[in-house]
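Engineer: Sharing a structure below in structure tokens format, with a few things to ask.
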Amino acid sequence: TADHNAGFEWRRRLGRGHSVFTGYDYGIFSFKGQAPGSDRHASNVGWGYASRMGIAFSLAAGYNILLPDDQAAETASGLNVNATTGYNGGVVSYSAGYRQGITDGGGAFANAQSSSTHGTFRANFTRSLSAEVAVAGHVNERIRVTGGAPQDETIRSVSSRAQVSMRLGAHVGANAAWTRHAQAVSSSAIATPATDLRTNRYSIGLTWSTR
């Protein structure tokens, strides 16, 4: 899969942390001969807010249109949604978001209606010790734009990570992390490009910085 994207965003500040914006994105999806390529048009309008206390919100919504290169194929369309929130404080910080739209399918298949959610929480217990937990979920549902028998294919995945970091000196730090990934595939096709899986990864590392 190869993607090429170009777009623009116009934003206007309204004072006291509020802003409004609108944008347009044009994408070209190509799949190296495995499936016909397609063009995607996406537009959105939104509102954002950022306070002096470190709290931020953003909400944007619009529309997607997918135009296959194969003129005999059907076009596809759907909502484009992007919502985020976050807080950045001295001791605690977090971020969370939800995104929905048409994508290239993530390499598993050509063209998909995708949605994703994510959340991250970080706590600084001391100036030298901190911990972070992150969770993300993704759903890719195949968009069928060519003829033939319909094939329902959906890939759902959840990734989670927990990490503890400690500063050992002015330039040296250490961290320990655990990462888990789970994927489930539901398909009416005889052969699928992806399979169910569960993975766990553990790591310990040392870091060095010049600051």
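Engineer: With springs only between Cα atoms under 10 Å apart, run a GNM on the chain and tell me which of GLY89, GLY37, GLY62 wobbles the most.
Structural biologist: GLY89
Engineer: Rounded to the nearest whole Å², what accessible area per residue is found for the chain with the 1.4 Å probe?
Structural biologist: 63 Å²
Engineer: Still on this model: Only Cα pairs within less than 10 Å get springs; with that Gaussian network setup on the chain, which residue of ILE143, ILE155, ILE55 has the largest fluctuation?
Structural biologist: ILE55
Engineer: Extension gain PHE8-SER186, at 0.36 nm per residue separation less the Cα-Cα distance, in nm?
Structural biologist: This chain segment gains 60.5 nm when fully extended.
Engineer: Next question. With all protein chains present, how much of the accessible area of the chain (probe radius 1.4 Å) comes from carbon and sulfur, to the nearest whole percent?
Structural biologist: Taking all protein chains in place, the chain shows 56 percent carbon and sulfur surface.
Engineer: Got a number for the accessible area of THR22? Probe 1.4 Å, square angstrom, nearest 10.
Structural biologist: Near enough 50 Å² of accessible area.
Engineer: Please compute the modelled spin-label separation between THR120 and ALA61, points set 7 Å along Cα→Cβ, answer in nm with one decimal.
Structural biologist: It works out to 2.7 nm between the two label points.
Engineer: Another one. One-quarter of the Cα convex hull surface for the chain, in nm²?
Structural biologist: 14.7 nm²
Engineer: Per the Cauchy relation, a quarter of the hull surface: what is the mean projected area of the convex hull of the alpha carbons in the range 46-102, in nm²?
Structural biologist: Approximately 4.8 nm², given one-decimal rounding.
Engineer: If you don't mind, another one. Provide the per-residue ³J(HN,Hα) series for the range 131-136, in order, calculated from phi with Karplus coefficients 6.51, -1.76, 1.60 and θ = phi - 60°, each as a whole number of Hz, with x at glycine and proline positions.
Structural biologist: Calculated HN-Hα couplings, in order: 9, 9, 10, 9, 9, 9 Hz.
Engineer: Something else now. Amide H neighbours of SER77 under 5 Å, at least 5 residues apart or on other chains, H built in the peptide plane: list them.
Structural biologist: Amide H to amide H, under 5 Å and 5 or more residues apart or across chains, SER77 pairs with LEU66.
Engineer: For the range 22-142, place one equal point scatterer on every Cα, skip the solvent, and apply the Debye formula. What is log10 of I(q)/I(0) at q = 0.15, 0.16, 0.20, 0.23 Å⁻¹?
Structural biologist: Results for the range 22-142 at q = 0.15, 0.16, 0.20, 0.23 Å⁻¹ read -0.78, -0.84, -1.07, -1.25.
Engineer: How far is it, in nm, from the label point at SER128 to the one at THR22 when both lie 7 Å from their Cα along the line to the Cβ?
Structural biologist: About 5.5 nm, to one decimal.
The values are calculated or read from the model by the stated rules, or taken from the named source; none is laboratory data. Just so it is clear, the structure is predicted and the values come from calculations on it, not from any experiment. Note: ideal-geometry Cβ built from the backbone for every residue, glycine included; neighbour counts use all protein chains shown. These accessible areas exclude ligands, DNA and RNA; they are computed on the full protein's heavy atoms, side chains included. Shrake-Rupley method; radii C 1.70, N 1.55, O 1.52, S 1.80 Å.
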